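Remarks on the structure that follows.
The values are calculated or read from the model by the stated rules, or taken from the named source; none is laboratory data. Fair warning: this is a prediction, and the values are worked out from it, not measured in the lab. When we count neighbours, we look across all protein chains shown, and the Cβ atoms used for this are built from the backbone with ideal geometry, even at glycine.
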Amino acid sequence: MTNQYILLTGGHTGLGLGVTKKLIQPGNKIGLIIRSESRKNQTVGEFADFPKELVDEIDFFYADLSDQAQVKAVAAEIRDKWPRIDRLFNNAAVVGGPEKGRNTSKLGNEWHYEINTLAPYILTTELKSLLEKSDDARVITTVTDGMHNRKLNTDMLLDSTSSRTMMLYMHSKQAVMFLMNDLANTWNGVKFISVNPGPNKTNMTTGGNTPWFITKIAGLFFSDPSVGSGHIYDAAFNSNRSDVNPIYFDKDTSKEIQNSMSAAQKSELLSGIKN
């Protein structure tokens, strides 16, 4: 797919990097939201096999996704620079935090909730005007397994004492999917897609703050990152079930979403957004 304005978070590493590489084609305008200039230099090095003129066309925007003010500021910068957005990939995510135990953002929100739930929601809503200018706007949010039939537990995210890393990760992903699905029910002309790319060997699953038992399993059984990247890319451009909005893809198979959040849960989740 070419001649698209495509914005990605987490497009510089892991599965997102694989998606970005698939998108580097003549005619596409790619934007990557990353944290720093040094990360830009590392990312450009990943594109050494691509024509320089295509890599030079990539726009780099800077924001720390744990900081709501920075998320809003980068969205304003993109609104000023781009005429529209055809695809928005909410791919950045964390498992665990910078410290052992429970981590919080500068606003006091639980770390997974801030980065995996609120950041993509804020970014998407702040970019609504650009998405609405596209003839085929799609918001693709990377989630995880079982999202179609799992119930949301907001208490886990809002509890000031919980530090169960994998449960916080899963519920933060469940929460962002339900928030995106809610937007699908109120916005016109924008399709919302959640995709589980399956278990893949990435830096997030094989190291860092990921629980040891996950890293052990990942090394033995998880797929090459190219597999997951392919699922995310295909979900963004596949015409399969194009009439369904919102939609959840488990790898390459669409599954009916069986649950939703209540009005009270939505209010609780959005209470973490500070003006």
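Counting just the residues of the stretch 33-58 that are within 30 Å of residue 272 (Cβ to Cβ) and in contact with a helix residue (DSSP H, G or I) (Cβ under 7 Å, 6 or more places away or on another chain), which one comes out surrounded by the fewest Cβ atoms within 10 Å (Cβ to Cβ)?
Looking at residues that are within 30 Å of residue 272 (Cβ to Cβ) and in contact with a helix residue (DSSP H, G or I) (Cβ under 7 Å, 6 or more places away or on another chain), I get 34.
What are the pairs with Cβ atoms under 6 angstrom where one residue, in the stretch 5-17, is among the β-branched types (Val, Ile, Thr) and the other, located anywhere, is modelled with pLDDT of 95 or more and assigned to a helix (DSSP H, G or I)? Sequence gap at least six, or different chains.
Going by the 6 Å Cβ cut-off, the qualifying pairs are 6/23.
Counting only residues that are surrounded by fewer than 17 Cβ atoms within 10 Å (Cβ to Cβ) and more than 23 Å from residue 274 (Cα to Cα), how many does the stretch 83-110 have?
Count: 5.
Tell me which residues, restricted to the stretch 12-57, are hydroxyl-bearing (Ser, Thr, Tyr) and part of a loop (DSSP other than H, G, I, E, B).
Going through the stretch 12-57, the residues hydroxyl-bearing (Ser, Thr, Tyr) turn out to be 13, 20, 36, 38, 43.
Result: 13, 36.
Would you say residue 24 is closer than 22 Å to residue 126 by Cα, buried (at least 16 other Cβ atoms within 10 Å of the Cβ) and modelled with pLDDT of 95 or more?
No, not satisfied.
If you check 39, 35, which single one turns out to be more than 20 Å from residue 226 (Cβ to Cβ) and touching an Asp or Glu at 6+ places or on another chain (Cβ under 6 Å)? I'd like the intermediate steps shown before the answer.
Numbers: 39 fails: touching an Asp or Glu at 6+ places or on another chain (Cβ under 6 Å).
After applying the criteria, what remains is 35.
Those residues that are in a loop (DSSP other than H, G, I, E, B), free of Cβ contacts under 8 Å to residues at least 40 places away in the same chain and of a type in the set (A, V, I, L, M, F, W, C), I need them from the stretch 58-85; list them, please.
As a first pass, look at the stretch 58-85 and keep what is in a loop (DSSP other than H, G, I, E, B): 58, 63-67, 82-85.
Adding the requirement that they be free of Cβ contacts under 8 Å to residues at least 40 places away in the same chain leaves 58, 63-64, 67.
Hits for the stretch 58-85 are 58, 63.
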